[in-house]
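What follows is a short report on a single structure.
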């Protein structure tokens, strides 16, 4: 539908121009029908000296407008609606993959920030929120508190401990694999900002895709007990960290907006979509 809107972006203007054209047709018409026009409006409908020319031009505009509707606008609108219906399952799958990518990213910096806040290592105002707290200053404040050889997760039931270095490297590896699949599968779908954002996070960001390249030399220099502050020279990477936060926030913003649009256009008859958990409540309501 976005392609249709862009293609017919002047439709409203053409429709607005139709009203003065109709006034000209009424004004220059010889039919007695217009004798019922109120007296105060008569000056607007006085014939001009070139009435035939204006009438011909106005009638030509109306004919062209009707031709445009029948030949271009309505067929394009019908095709756009059909395309939206056909692409709906693909949009749902893409939305789910972005959700998984956000979970991968959250498993890195979301868990790092949460751990620091939950353990009282850093203070925040209000609740944790990605738009408010995912920024250069917050990430810089967390770095000294995350020691690579300390436990990030403890699974007591399985007697399993996951170190921060293991958690970070596995999360980044999973994110890069999932993102590269996305970049291949949906490269022709809008918006292109998602494509560039994921490409940046995978291949340029020093706190996501390129972080493993910093960890190993850092451990070699500072030892296995080094913290992220030893690994990431935040003051030298401020622009990169700001860009990384910007693209993560954009992915999250798109995820929320796309979810709203999918819910609005969801139809219970599309049974294949019941596999997507976020439609369960809608099915129960219907």
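The values are calculated or read from the model by the stated rules, or taken from the named source; none is laboratory data. Please read all numbers here as calculations on a predicted model, not as lab measurements. Positions of Cβ are generated from backbone atoms using ideal geometry, with glycine treated the same way; all protein chains shown enter the neighbour counts.
Could you tell me whether the stretch 160-173 includes any residue that is assigned by TED's automatic domain parsing to the domain that holds residue 144, assigned to a loop (DSSP other than H, G, I, E, B), closer than 19 Å to residue 248 by Cα and within 24 Å of the chain's Cα centre (by Cα)? No, the stretch 160-173 contains no residue that is assigned by TED's automatic domain parsing to the domain that holds residue 144, assigned to a loop (DSSP other than H, G, I, E, B), closer than 19 Å to residue 248 by Cα and within 24 Å of the chain's Cα centre (by Cα). All conditions in (1) over 23 Å from residue 177 (Cα atoms); (2) loosely packed, with under 14 Cβ neighbours inside 10 Å hold for residue 90, with the sole exception of (1). Of all the listed residues (232, 224), the sole one being under 19 Å from residue 144 (Cα atoms), in contact with a helix residue (DSSP H, G or I) (Cβ under 9 Å, 6 or more places away or on another chain) and surrounded by fewer than 15 Cβ atoms within 10 Å (Cβ to Cβ) is 224. In the stretch 53-70, the condition of being loosely packed, with under 13 Cβ neighbours inside 10 Å, at pLDDT below 70 and assigned to a helix (DSSP H, G or I) is met by no residue. Taken over the stretch 111-140, the criterion of being surrounded by 13 or more Cβ atoms within 10 Å (Cβ to Cβ), free of Cβ contacts under 8 Å to residues at least 24 places away in the same chain and assigned to a helix (DSSP H, G or I) is satisfied by 114, 117, 133. Sort through 200, 250, 266 and tell me the only one that's under 30 Å from the mean Cα position of the chain (by Cα), at pLDDT 90 or above and either buried (at least 17 other Cβ atoms within 10 Å of the Cβ) or not assigned by TED's automatic domain parsing to the domain that holds residue 132 (or both). Criteria check complete, one pass: 200.
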